[in-house]
Amino acid sequence: MPTVKALGEIAFRTESLDGMVEFYEDVVGLTLLRRGDTYAFFDLGESYGGHTQVFVLFDRIGGDDYDGLDKRRTTMDHVAFAIDLADFDAEKERLEAAGLDVRTTTHGWVQWRSLYFEDPDGHSVEFVAYDETIPTDES
């Protein structure tokens, strides 16, 4: 089992990105880190091992598979948990051995290495590790 070190990210889907950004900035008081046409990242402070905790809003209306949000279930997009970089490869192998479909990616703008998989209900889960060797980029 991994030793989860801290919360890495909380992400919600929304059908009204502008209104939600305004609410989380003006009402909740979060600091906007990065905004794009289909996303907004808010700072939740330092987490573990160089990782910044974030709250994220994703506008999924324009996605190819969008057919409306079922608010009876959830508007949550995924949850991320920070792990040690030294555990990254072993965790990938452990998850795959458990029969999970694991997707990997890197996020250069924050130097994150990520493992994505789904829980039994289909929620996306991410293990994220800070990796200072990943070149930073603007995307």
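The values are calculated or read from the model by the stated rules, or taken from the named source; none is laboratory data. These figures come from a predicted structure and were not determined experimentally. Cβ: placed from backbone, ideal geometry, glycine included. Neighbour counts: every protein chain shown.
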Do any strands (runs of 3 or more DSSP E) entirely within the range 3-82 hold 1 or more residues that are of a type in the set (S, T, N, Q) and modelled with pLDDT of 90 or more, and if so, which? 31-35, 52-59
Looking only at the range 25-52, which residues are of a type outside the set (D, E, K, R), in contact with a strand residue (DSSP E or B) (Cβ under 7 Å, 6 or more places away or on another chain) and over 23 Å from Ala82 (Cα atoms)? Thr38
Just for the range 10-31: of the residues that are among the aliphatic types (A, V, I, L, M) and within 16 Å of Val54 (Cβ to Cβ), which one is farthest from the chain's Cα centre (by Cα)? Val28
Yes or no: the range 96-119 includes at least one residue that is at pLDDT below 75 and surrounded by 15 or more Cβ atoms within 10 Å (Cβ to Cβ). no
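Residues to consider are Thr52, Thr3; find the one that is crowded, with 16+ Cβ neighbours inside 10 Å, touching a residue at least 24 places away in the same chain (Cβ under 8 Å) and either farther than 15 Å from Phe127 by Cβ or of a type outside the set (Asp, Glu) (or both).
None of the other options fit; the residue is Thr52.
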